[in-house]
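Below is one structure, written out as structure tokens; comments come after it.
The values are calculated or read from the model by the stated rules, or taken from the named source; none is laboratory data. These figures come from a predicted structure and were not determined experimentally. Cβ coordinates were reconstructed from backbone atoms using ideal geometry, including for glycine residues, and neighbour counts include every protein chain displayed. The area values use the complete protein model at the heavy-atom level, side chains included, leaving out ligands, DNA and RNA. Shrake-Rupley method; radii C 1.70, N 1.55, O 1.52, S 1.80 Å.
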Amino acid sequence: QVQLVESGGGLVQPGGSLRLSCAASGIILSHFGMGWYRQAPGKQREIVARIWTVGTANYADFVKDRFTISRDNAKNTMFLQMNSLKPEDTAVYYCNRVNDPYSWGQGTQVTVSS
């Protein structure tokens, strides 16, 4: 059974940083294109960043140069380093496979507020 467990969210002031983690079991992350997604209250879930099997990454325009997606193959864990956070980054963040996603987990809440 595949499990993707997000963690690392919290309350941070504008301009601050957080590092999210996605711990996987039942799946080898490096074998698939994986992504970080987010859903703000009243809005649809949207893609934030993707990392492909060869390690290349791409980002939504609204997080370019602020967020970095990475993967630790030995730990089978994916990360999202978020810098220069803005109030509009407030959302629940999820990880999932890009193609044929699994059931969505609980996500991790990120709140950017002063």
ask   = Who wins for biggest fluctuation among Val54, Val63, Val92 in a Gaussian network model of the chain, springs between alpha carbons below 10 Å?
value = Val54
message = Using alpha carbons only, how many angstrom separate the centre of region 79-108 from the centre of region 42-58?
response = 9 Å
task = Based on a Kirkwood Rh over C-alpha pairs, give the Stokes-Einstein translational diffusion coefficient of region 62-114 at 37 °C and viscosity 0.692 mPa s in µm²/s.
result = 257 µm²/s
remark   = When every protein chain stays in place and a 1.4 Å probe is rolled, Arg71, Arg38, Arg50 sorted by accessible area with the largest first are Arg50, Arg71, Arg38
key: Relative contact order [Cα under 8 Å, 6+ residues apart], region 58-109, whole percent   = 24 percent
ask   = With every protein chain left in place, what is the accessible area of Arg45 in Å² (1.4 Å probe, nearest 10)?
value = 90 Å²
The chain, dipole about Cα centre (Lys/Arg Cβ +1, Asp/Glu Cβ -1), debye to the nearest 20 = 60 debye
ask   = Roughly speaking, to the nearest percent, how much of region 1-113's 1.4 Å accessible area is carbon and sulfur?
value = 46 percent
key: Candidates Ala40, Ala24, Ala74, ranked by Gaussian network fluctuation over the chain, Cα under 10 Å, top entry   = Ala74
task = Only Cα pairs under 8 Å and at least 6 apart count here; give the relative contact order of the chain as a rounded whole percent.
result = 36 percent
